[in-house]
Amino acid sequence: MAAVVASIPNSVLGGAGVAMFGMVIASGIRALSKVEFDGTYNLMIVAVSIGVSMITLTAPNFFHSFPSWANIVLHSGITLGSITAVLLNLILNGCGREEDMDGN
């Protein structure tokens, strides 16, 4: 099996990667299109989370002086952005809205 995978040309793998990551981005855009951005902090949460997740790409050594256990989590932009989004949502939007809790 390893020989079959190793025989695939890099250009084919690159094309498959472009299609795969394009589908991931399209799915994310579709999910974000269902989010209510008016009257909430959701736009800020999305913007800050994407910005924070880009830190690992733009400045790879940004977390170099952090403890080794923290680098495991902070090394991945996806993990860092996801954690940022969840924490900001809890802080800014709370666990639920009052009208959702009242059933209105």
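Taking the stretch 34-52 as the region of interest, how many residues are closer than 20 Å to V86 by Cβ and either among the β-branched types (V, I, T) or exposed (fewer than 10 other Cβ atoms within 10 Å of the Cβ) (or both)?
Taking the stretch 34-52 and keeping what is closer than 20 Å to V86 by Cβ, we get 34-37, 40-52.
Those still in the list that are either among the β-branched types (V, I, T) or exposed (fewer than 10 other Cβ atoms within 10 Å of the Cβ) (or both) too: 34-36, 40, 45-46, 48, 50, 52.
Total meeting the criteria: 9.
Yes or no: V4 at pLDDT 85 or above and out of contact with any helix residue (DSSP H, G or I) (no Cβ under 6 Å at 6 or more places or on another chain)?
Yes; evaluated as a whole, the condition is true for this residue.
Mind listing whichever residues of the stretch 53-79 are in a helix (DSSP H, G or I) and under 16 Å from G28 (Cβ atoms)? Can you show your working first?
From the stretch 53-79, those in a helix (DSSP H, G or I) are 53, 55-58, 68-74, 77-79; that's our starting set.
Once the filter is applied, which keeps residues that are in a helix (DSSP H, G or I) and under 16 Å from G28 (Cβ atoms), the stretch 53-79 yields S53, G77, I78, T79.
Hey, does the stretch 20-35 have a residue that's of a type outside the set (V, I, T) and assigned to a loop (DSSP other than H, G, I, E, B)? Give the steps one after another, and end with the answer.
Keep residues of the stretch 20-35 that are of a type outside the set (V, I, T), which gives 20-23, 26-28, 30-34.
If we keep only those that are assigned to a loop (DSSP other than H, G, I, E, B) too, we end up with 33-34.
For the stretch 20-35, residues of a type outside the set (V, I, T) and assigned to a loop (DSSP other than H, G, I, E, B): present.
The values are calculated or read from the model by the stated rules, or taken from the named source; none is laboratory data. These numbers come from a predicted model, not from an experiment. Don't worry about glycine lacking a Cβ; one is built from the backbone with ideal geometry, like all the others, and counts go over all protein chains shown.
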